[in-house]
Every structure is written in C-alpha cells, then in structure tokens.
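Only one structure is covered here, and it is reproduced in the block below.
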Amino acid sequence: MRMDHTEAPVLDALAAYTERDELGFSPPGHKRARGADPAVRAVLGDAVFLGDVLASGGLDDRRERGNVLGHAEELMAEAVHAEHTFFSTCGSSLSVKAAMLSVAAHGQKLLVGRDAHKSVVSGLILSGIEPVWVEPQWDTGRHLAHPPSADSFERAFDEHPDARGALVTSPTPYGTTADLSAMAEVCHRRSRPLLVDEAWGAHLPFHEELPSWAMDAGADVCVTSIHKMGSGLEQGSVFHLQGDLIDRATLASRADLLGTTSPSVLLYAGIDGWRRQMVLRGHALLTRALELARSVREEIETIEGMHVNDREDFCGPGAGADLDPLPIVIDISGLGTSGYLAADWLRENHRIDTHLMDHRRISAQLTHADDALTTGRLLTALRDLADRVETLPSGRPVELPDPGELRLTQARLPRDAYFSVTEDVPLEKAAGRTAAEMITPYPPGIPAVLPGERLNEPVLHYLRSGIEAGMNLPDPADPELRTIRVCATDDDT
C-alpha cells in the first residue's frame, strides 16, 4: 500500500516539539534563539534557530523510538523508486565517499570516470582505493568532457577483472548524462555494483521529459544533492540503494563513520519537505520549468554572439546519452571573450551569479523556482553583455591541450602521493614531477591534476594560462600556482 506523502515526519516533529514547549538543557547552546546575538537574529531570523534542535534527545527521544528520520527516509525511497534511502547533512561529498567505501577497501580497485568530482578523489585519498581511470568522451572541438561510454567500462573490466565496481558521474555539470542502463548491465554481468554520482539529478525522477534517473536505470547506489536542483538547503544530500550487491548495513556503517554526530535538523527538514513538494506538485512545477527553459533557450539564441548548447551539440555517438535542458549552457565564444570575464561582468553590473564558467561558456541553472521575472532579468543582463562586450578587459587566451596531453600518467596512488614527504617547486620546474595535491578549476570542480599524477608541460601551461584568464583554483597550496606541491622523491618511501 502506498505511503501517505502528505506527511513530512521531520517537519511534523518540529511542530510538535514547539507545541509541547520542550525545554532543552543540551546543545545547541543558543537555546532556540534566546542566546543568539541580536544582530545575527536580525539577519537570519528566529526560524533558523527554532528549527535547530538535536536530532535525538530533541526532535526524537534519545533512543529514536519515534522513528522520525527513518520514516522520512522510507517516504523518500518510495517517492523515487529506491529500496532504501539515507539522508546526509554533510553534502553529497560525504555520500559518495560512503558509497565508495562500501564497495572497495584499501588496495582494492574501483573503476572511476576521470571526470569525477573532487569529492571522489578525496574518497580515494582517504580510503587508499586504487582507481582505474575510465576516460570521458571528449568533444575536441568544444574542449568539453561527456560521461564515459558503457564500452569503455566494459574494456576497463576486461583489463581489470578484480575491480570491485564502477563509479560514474551523471549528469555532468554541463547537463549531459551517461547511458546508465548499459553501464549497469556491464557491471551486473560481472556481479559488480554501479555507483552513480548524480549530484545534479535530484529532480530527474519526477518528470518523464527529463533523462532517466539512476535507480530506474538499474544503478545500485545513487547519490544526489537536494540543494542543487531541488529545494533543500545547502549540504542536504540523499543516497539511495537497491539490489543485493551492496549490504545495507555496510553502507549505513560507512556513512556513520564519515558523518557528523550532530546532524542538522534544518537540513533534514529541507530534504523531507522537498520530497513532499515533489510528490504532490513536482510534475506540474517541472512542466512549467521545462517550458520556461525552452523559451529562455530560444531567446538567448537570438542574441548575437551567443549559442545555447542543446542535444544536437552534446548528445549522440561519442557524446552524452541524453541532456537535462534545465542547465542553460551558453557558448559565448562568438563574443570574443571568456566565460570567466563574462561571469565577473554579469555579477558586477547586473548582480547575476552564473552557475559555472570556463574558457568559452557560462551556464545559468534553471530550477522549478524560476519564473518570468528571474529569467527576464537574466535575459536583460545577457543582452547587455552582448552590447557592451567591447568594454570588457581583454582576457588572455587559455592554452587548451589536446585530450591526450590533458591526461596525466598515474605514477602513484592518490593516497600515497598525498601523504608522502612533499616539497613545493616553482611551476617552471614541476614538469616530470609527481603531484602531491589536487588542482581543480572550480566550478565545476573536476580536478585537472590529482595526487600521484606525473605533471607535464601542456597541463601546466593550461593551468597557468587559465589563472591569467580568470580561472579559480581553490585547492592547491599556492592558488596562484607560482609553485606546485610535489612528492619529494619518486619512490614510495
């Protein structure tokens, strides 16, 4: 029998907590806003503090006998056709690590798409898992990576039959998706699980015009960020499980190992409320969002110098299997400027923040929250950008290497290199050395250099020219990349 999706167990429990006039002599120390600084309350509002209670010993009793969180997770699992769902208040960065650690351990192999997010690489560093990198499908003309093909995972399994499973990112930050059904078949034929980092796909289960989502495609674990394309708060994430290739208790244990003992009830409430919203009204909300996206895409296409990438650009043989139309990826190469400079100009002149930017593109991420007013403001800003592009400072070109030059040799395991004895060397002396840090253009957060990879001149020139053009590199020890942290020796001592 179908569950009652008008319920929102976390929100209902919060309301009951207030009605009972519970008085806590426990964290959090602000005691439901009473102790919070008035200036903070004026900015954040008391609702934030009133919803910030202990999950156990507050929202629920100390033994969680009310099953508040468990019931909310069961409702979410039913809503998206999963067997089990887990809420996370540490973002999908934690969730994907928990999934990886449920499949492989130190020294074991895992097939991983090389276009993975930096959180996946962090998981490799923490776990000591040996990655077997599977190459994305490269659009050499647009200098863009799409998810790896199912055939590439097939070949990787043939070469590494001892790999414990496979992990793929789908959708990418640019909206393209992998052929997850074919990938699941490749994995399951070998009794190996498929993990999908679907951080950008929380909305996919709720409308038939969107690409198929991971659970429906046969994936074993799917990780998704409720805050990205849903209505949850930042750091709100869920991960879903189905099948018998991964033990539920093991997955829960790995999440507990990595997670906080002080989860935010505010984030739980955001996740819970978003599930109810989507089940009750999600189809209508997404229908409107898709219609709006179609209109916005058509309008931007009329702006001289701009082109909106669509299925014809991004899907087909050697590219993505499908495309989510809500991320509006705009190629502005016709304007003669970079995405970095354009994004800065839009923020400074129109208070418009774009989702991502690179050497030739900016992206405007639409969700069910957008309407004619928000997109009208976006279109006004884009038209103004096209009219005033000659006033932008002349940006330096990014020296983009060929895909073969972009892919570095993995000389040491990410964990071994990261925790090795290191030294910082000048950029001009770094070629041939083994990186001991991640170097990640952000957004979208896909590392160009991983710990353990052998640096080469084309990648170093690419990153240096990227910085000069406006690229942001938040994770290396020297964000300006005057120096790079490398392994002090070329052996494993």
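Just for segment 107-118: of the residues that are surrounded by fewer than 24 Cβ atoms within 10 Å (Cβ to Cβ) and without any contact (Cβ under 8 Å) to a residue 60 or more places away in the chain, which one is farthest from LEU167 (Cα to Cα)?
The residue in question is GLY107.
For segment 438-493, what are the residues that are charged (D, E, K, R), over 23 Å from the mean Cα position of the chain (by Cα) and not in a strand (DSSP E or B)?
Correct list: GLU457, ARG464, GLU468, ASP478, GLU480, ARG482, ASP490, ASP491, ASP492.
Which ones in segment 337-372 are over 23 Å from HIS207 (Cβ atoms) and part of a helix (DSSP H, G or I)?
If the condition is that a residue be over 23 Å from HIS207 (Cβ atoms) and part of a helix (DSSP H, G or I), then GLY339, TYR340, LEU341, ALA342, ALA343, ASP344, TRP345, LEU346, ARG347, GLU348, ASN349, HIS350 are the ones that fit.
Being touching a strand residue (DSSP E or B) at 6+ places or on another chain (Cβ under 7 Å), in a loop (DSSP other than H, G, I, E, B) and under 12 Å from GLU457 (Cα atoms) is the filter here, so list the residues in segment 403-431 that pass it.
LEU408, ALA430
Is it the case that some residue within segment 31-43 is of a type in the set (Val, Ile, Thr), closer than 20 Å to SER262 by Cβ and out of contact with any Leu (no Cβ under 7 Å at 6 or more places or on another chain)?
yes
Go through segment 123-133 and give me each residue that's under 19 Å from the mean Cα position of the chain (by Cα), under 28 Å from ASP322 (Cβ atoms) and surrounded by fewer than 24 Cβ atoms within 10 Å (Cβ to Cβ).
TRP133
If you go through segment 232-247 one residue at a time, do you hit one that is assigned by TED's automatic domain parsing to the domain that holds HIS188, hydroxyl-bearing (Ser, Thr, Tyr) and either farther than 28 Å from ASP12 by Cα or touching a Cys at 6+ places or on another chain (Cβ under 9 Å) (or both)?
The answer is yes, given that some residue of segment 232-247 is assigned by TED's automatic domain parsing to the domain that holds HIS188, hydroxyl-bearing (Ser, Thr, Tyr) and either farther than 28 Å from ASP12 by Cα or touching a Cys at 6+ places or on another chain (Cβ under 9 Å) (or both).
Can you give me the number of residues within segment 16-25 that are exposed (fewer than 11 other Cβ atoms within 10 Å of the Cβ) and not aromatic (Phe, Trp, Tyr)?
So the count comes out to 4.
Please specify each residue of segment 153-207 satisfying the condition of being in contact (Cβ under 8 Å) with a residue 60 or more places away in the chain and of a type in the set (D, E, K, R).
ARG164, ASP179, ASP197, listed by residue number.
Please go through segment 426-476 and pick out each residue that is at positive phi, at pLDDT below 95 and in contact with a Lys or Arg (Cβ under 8 Å, 6 or more places away or on another chain).
GLY445
So LEU195 fits all but one of (1) over 25 Å from PRO403 (Cβ atoms); (2) crowded, with 22+ Cβ neighbours inside 10 Å; what number is the exception?
(1)
So how many residues does segment 26-51 have that are in contact with a Lys or Arg (Cβ under 8 Å, 6 or more places away or on another chain) and surrounded by 16 or more Cβ atoms within 10 Å (Cβ to Cβ)?
Summing the residues that are in contact with a Lys or Arg (Cβ under 8 Å, 6 or more places away or on another chain) and surrounded by 16 or more Cβ atoms within 10 Å (Cβ to Cβ) in segment 26-51 gives 2.
Filter segment 198-208 down to residues that are touching a helix residue (DSSP H, G or I) at 6+ places or on another chain (Cβ under 6 Å) and not small (Gly, Ala, Ser) and give me whichever is surrounded by the fewest Cβ atoms within 10 Å (Cβ to Cβ).
HIS207
Out of all the residues in segment 245-266, which are of a type in the set (A, V, I, L, M) and in contact with a strand residue (DSSP E or B) (Cβ under 8 Å, 6 or more places away or on another chain)?
If the condition is that a residue be of a type in the set (A, V, I, L, M) and in contact with a strand residue (DSSP E or B) (Cβ under 8 Å, 6 or more places away or on another chain), then ILE246, LEU251, ALA252, ALA255 are the ones that fit.
For segment 181-216, enumerate the residues that are basic (Lys, Arg) and either touching a strand residue (DSSP E or B) at 6+ places or on another chain (Cβ under 9 Å) or part of a helix (DSSP H, G or I) (or both).
The one that is basic (Lys, Arg) and either touching a strand residue (DSSP E or B) at 6+ places or on another chain (Cβ under 9 Å) or part of a helix (DSSP H, G or I) (or both): ARG192.
Being buried (at least 19 other Cβ atoms within 10 Å of the Cβ), out of contact with any Gly (no Cβ under 7 Å at 6 or more places or on another chain) and either assigned to a loop (DSSP other than H, G, I, E, B) or modelled with pLDDT of 95 or more (or both) narrows it down to one of LEU400, LEU379, LEU385, so name that one.
Checking each option against the conditions leaves just LEU385.
The values are calculated or read from the model by the stated rules, or taken from the named source; none is laboratory data. Predicted, not measured: the structure shown is a model, and the values here were computed from it. A quick note on method: Cβ atoms are made from the backbone with ideal geometry, for glycine too, and the neighbour counts reach across all protein chains shown.
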